[in-house]
Amino acid sequence: MELFELTAFELSNKLSAGEVSAREVTEAFLNRISSVEDNVQAYVTVTKDEALKQADAVDEARKAGEKLSPIAGIPLALKDNMCTTGVETTCSSKILRGFLPPYNATVVEKLNDAGAVVTGKVNLDEFAMGSSTENSGFFTTHNPWDLSAVPGGSSGGSTAAVAAGEAAWALGSDTGGSIRQPAAFCGVVGLKPTYGRVSRYGLIAFASSLDQIGPITRDVRDAATLLTAISGYDPRDSTSVNLEVPDYARSLTGDIKGKRIGVPREYFAQGVEGSVADAVKAAIAKLTELGAIAEEISLPHSEYALPTYYILAPAEASSNLARYDGVRFGHRTARATNYVDLFEKTREEGFGAEVKQRIMIGTYALSAGYYDAFYIKAQQVRTLIKRDFDTAFEKYDAIVSPTAPTVAFPIGERSNDPLAMKLSDVLTIPANMAGIPAISIPCGFSNGLPIGLQIMAPAFAEETLLQIAYAYEQSTEWHRQRPKL
Amino acid sequence: MGGITTIIMSSQLSLEEISKVGQLARLQLTDDEKVALTGHLNDILQQFGRLQELDTTGVPPTSHSLPLQNVFRDDVAAASLPRDAATLNAPEKRDGNFIVPQIMED
């Protein structure tokens, strides 16, 4: 196998054993990027020189006998909504073209301290708003399993890069499913941690009560390892939780005997394709074979999650995106004659259509006369959705469902139908509303396109999540498949 | 505030309302954009109508999922972003200040 086809764990073992240097590993991935990027288009910025410098530093440290982190020397791609000092950070938006953050995101600091090798910044739907990466202000990323299909979104660049071997692993962000859905579409593992588990400092905000950074990897072990590396309390993020970070890889025993799994009937109704439902049901049967107990349950407010999200997320976004005003950073219009012009023209020129749409929805929902009917009402429904999960978790260790209703759709098929586009998040949104952790892992294919299995667990029960995911994964071969590029 | 809030909801946003919201959002939309937006927003607003079906009497709103409140730090002076770093990306600057078009009329 080529170096770029290996998991981070396999690479880490080779590095520790001295079989290969971090430079060789990094060069292998950089060469891979050169050979497939024209087709995949995952990267906004490739940081070749910095990556090689980081790799050399790791090799030096290892020669000097230093004890190194399991993530040291392993090439990683960062979704371009995480601040990296001195490296352009754009959120795939024209309004941030050329923006050089004056500080690193906390997760980036942690990665740097641990010796990670960052290969570059990868593509997303503009400001993380979208489900296909087609809303990127620059270009669309292609699904490595079928270049005419979307990779999913908004972390489509991250998942495509990992699937294509253009990075051993990546970080994405998830507000309504933006790690899990593209992970499902690209046949990789994507994990959204519990809200508050990973610091949001330096993650350019979309919806502050929903956003979370998480790992995107080839397999569950790598997800566990990367999760440990990025988690932890951060006083610079007021929603960061002060809870110890376990070594998540330790929970991968493979034993799930007696684990109680709830299967919500509502998650098989909402426009779920036959082949997807079949693959997920087969996966649940496999979990039962492995000793888990699966039962049908109901999460009665599931159908209200989508409309609730499409009030709350845009409302929060309209506030978070008010800072893009052309004053202190980012694009500034050349046509301003007064300060109102400055704001209005700058934003008109800099934002794409989807972003403008969501700002408009959010502004409307928060405006006088509508605030109670829309925003407060949505927050109350959010409570009901959260309570559905609380009730279910009294009896069950985890909840299992398809990640997305369909497999990856063709590029261009839904880009003019925002409602159809949003339906692809229907099964992932509830976990963000409730703040609970959720993972997507590969569980099959339909016409050559990957299908994702979603597992959800109670807040801060990532160990349970990873346990169940690992047990299933190790009894199948899905995670060993590689697209032909 | 209790019970189901009744409100006369415009099931169709007018172009005028779109313009007003655009002003609040500080977006100078083109006429084509306004027309397209009206359609899209109305589709999504239809979805919102379904929330009115639910009885949320006595249900507290959830603004975020954690039981965290009033997260403060001690009132101790600490290092903050240096001026050069803060003005690094300024479209126009002078003497460590951001230059903008005139705000007040003379």
| task | Can you list which of the trypsin sites (Lys or Arg not before Pro) found in the range A:14-119 are DSSP loop residues with at most 11 other C-beta atoms within 10 Å? | result | A:67
| request: Compute the signed sum of charges (Lys and Arg +1, Asp and Glu -1) over the other residues within less than 9 Å, Cβ to Cβ, of residue A:176. | output: -1
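Could you size up the charge dipole of chain B around its Cα centre, putting +1 on the beta carbon of Lys and Arg and -1 on that of Asp and Glu, and report it in debye to the nearest 20?
Working: 8 positive and 15 negative charges, 56 e Å.
Roughly 260 debye, rounded to the nearest 20.
Compute the accessible area per residue over the protein assembly as shown, keeping the other protein chains in place, probe 1.4 Å, unit Å².
On the way: 22860 Å² over 591 residues.
Accessible surface, normalised per residue, equals 39 Å².
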| Once amide H atoms are built 1.01 Å from N in the peptide plane, which residues 5 or more positions from residue A:73, or in another chain, come under 5 Å H to H? | A:116, A:117
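Over the protein assembly as shown, what is the percentage of antiparallel beta bridges among all DSSP beta bridges, to the nearest 5? Numbers along the way, then the final one.
Working: 33 of 48 bridges.
In the protein assembly as shown, DSSP labels about 70 percent of beta bridges as antiparallel.
Which whole-number percent of Cα pairs in the range A:19-147 have a distance greater than 25 Å?
Working: 2383 of 8256 pairs.
More than 25 Å apart: 29 percent of the Cα pairs in the range A:19-147.
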| message | Compute accessible area for the range A:302-347 by itself and then with all protein chains, 1.4 Å probe, and report residues whose area falls by 50 Å² or more. | response | A:304, A:307, A:328, A:332, A:339, A:344
| task | Compute the distance in nm between two label points, each set 7 Å from the Cα along the Cα-to-Cβ direction, one at residue A:16 and one at residue A:39. | result | 3.5
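For the range A:74-158, what does the alpha-carbon gyration tensor say about shape, rounded, prolate or oblate, given a ≥ b ≥ c as the root eigenvalues, a/c under 1.5 as rounded, and a/b over b/c as prolate?
It is oblate, given that a/c is not under 1.5 and a/b is not larger than b/c.
To the nearest 20 Debye, how big is the dipole of the range A:288-342 about its Cα centre, given +1 on the beta carbon of each Lys and Arg and -1 on that of each Asp and Glu?
Numbers: 4 positive and 7 negative charges, 157 e Å.
Around 760 debye, computed over the range A:288-342.
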| message | Can you give me the distance in nm between label points at residue B:42 and residue A:53, each placed 7 Å from the Cα along the Cα-to-Cβ direction? | response | 5.5
| note | Karplus ³J(HN,Hα) for the range A:310-323 (6.51 cos²θ - 1.76 cosθ + 1.60, θ = phi - 60°; Hz, whole; x = Gly/Pro) runs 7, 9, 5, 5, x, 4, 5, 5, 4, 6, 5, 8, 5, 6
| task | Would you tally the net charge around residue A:447, using a Cβ to Cβ cut-off of less than 14 Å, leaving residue A:447 out, and scoring K and R as +1, D and E as -1? | result | -3
| remark: Along the dipole axis of chain A (charges at Cβ: +1 for Lys and Arg, -1 for Asp and Glu; origin at the Cα centre), the most positive-end residue among A:434, A:173, A:333 is A:333
| Residues of the range A:93-126 with amide nitrogen under 19 Å from the 7 Å Cα-to-Cβ point of residue A:60? | A:111-119
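B plus A alone minus the pair: what accessible area, both sides summed, probe 1.4 Å, in Å² to 100?
Numbers: alone 10450 and 17990 Å², together 22860 Å².
Buried area (both sides, nearest 100 Å²): 5600 Å².
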| query | What does the charge dipole of chain A about its Cα centre add up to, to the nearest 20 debye, if the Cβ of each Lys and Arg holds +1 and the Cβ of each Asp and Glu holds -1? | reply | 540
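Considering only Cα-Cα distances, which of the following residue pairs are longer than 29 Å: A:48/B:93; A:14/A:121; A:53/A:79; A:281/A:395; A:281/A:377; A:94/B:34?
Flagged as over cut-off: A:48/B:93; A:281/A:377.
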| remark: HN-Hα couplings for the range A:331-348 via Karplus (6.51, -1.76, 1.60; θ = phi - 60°), in whole Hz with x for Gly/Pro, come out as 4, 10, 4, 8, 10, 7, 10, 8, 6, 5, 3, 3, 5, 5, 6, 4, 6, 4
| ³J(HN,Hα) across the range A:51-68 via Karplus (A = 6.51, B = -1.76, C = 1.60, θ = phi - 60°), whole Hz, x for Gly/Pro? | 4, 5, 4, 4, 4, 4, 4, 5, 4, 4, 4, 5, 4, 6, x, 5, 7, 10
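Tally Lys/Arg at +1 and Asp/Glu at -1 over every other residue whose Cβ is under 14 Å from the Cβ of residue A:412; what's the total? Could you put the intermediate results ahead of the total?
Values: positive: A:414; negative: A:134, A:146, A:413, A:417.
In short, -3.
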| note | Counting sequence-distant residues (5 or more places) and residues on other chains, those with an amide H built under 5 Å from that of residue A:260 are A:293, A:397, A:398
| request: Quick one: compute a quarter of the convex hull surface over the Cα atoms of chain A and quote it in nm². | output: 21.5
| said: Going Cα to Cα from residue A:386, which aspartates and glutamates come in below 15 Å? Please leave out same-chain ones fewer than 8 positions away. | reply: A:303, A:394
| said: In the range A:296-333, whose amide N lies under 16 Å from the spot 7 Å out along Cα-to-Cβ of residue A:100? List them in ranges. | reply: A:329-331
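What does the convex hull of the Cα atoms of chain B come to per residue, in Å³, rounded to a whole number? The partial results should precede the final answer.
Details: hull volume 30.5 nm³, N = 106.
Cα-based convex hull of chain B, divided per residue, equals 287 Å³.
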| task | Take the alpha carbon atoms of the range A:63-78, find their center, do the same for the range B:21-54, and report the distance between the two centers in whole angstrom. | result | 48
| said: Full-extension gain between residue A:147 and residue A:88, please, as 0.36 nm times their residue separation minus the C-alpha to C-alpha distance. | reply: 18.6 nm
| message | Using amide H atoms built in the peptide plane, which far-off residues or other-chain residues are under 5 Å from residue B:93 H to H? | response | B:99
| said: Using +1 at the C-beta of Lys and Arg and -1 at the C-beta of Asp and Glu, which of A:411, A:135, B:97 has the Cα lying farthest in the positive direction of the dipole of the protein assembly as shown? | reply: B:97
| field | Along principal axes, Cα extents of the range B:19-74, largest first, whole Å | value | 48, 40, 15
| note | Of all DSSP beta bridges having both residues in the range A:1-149, the percent classed as antiparallel (nearest 5) is 50
| query | Relative to the compact globular guide of 2.2 N^0.38 Å, what is the alpha carbon radius of gyration of the range A:227-274, as a ratio? | reply | 1.84
| How many angstrom lie between the C-alpha centres of the range A:305-342 and the range A:164-187? | 26
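The values are calculated or read from the model by the stated rules, or taken from the named source; none is laboratory data. What you see is a predicted model, and the numbers here were worked out from it, not measured in a lab. FYI the Cβ positions are ideal-geometry reconstructions off the backbone, even for glycines, and counts take in every protein chain you see. Accessible surface areas use protein heavy atoms only, side chains included; no ligands, DNA or RNA. Shrake-Rupley method; radii C 1.70, N 1.55, O 1.52, S 1.80 Å.
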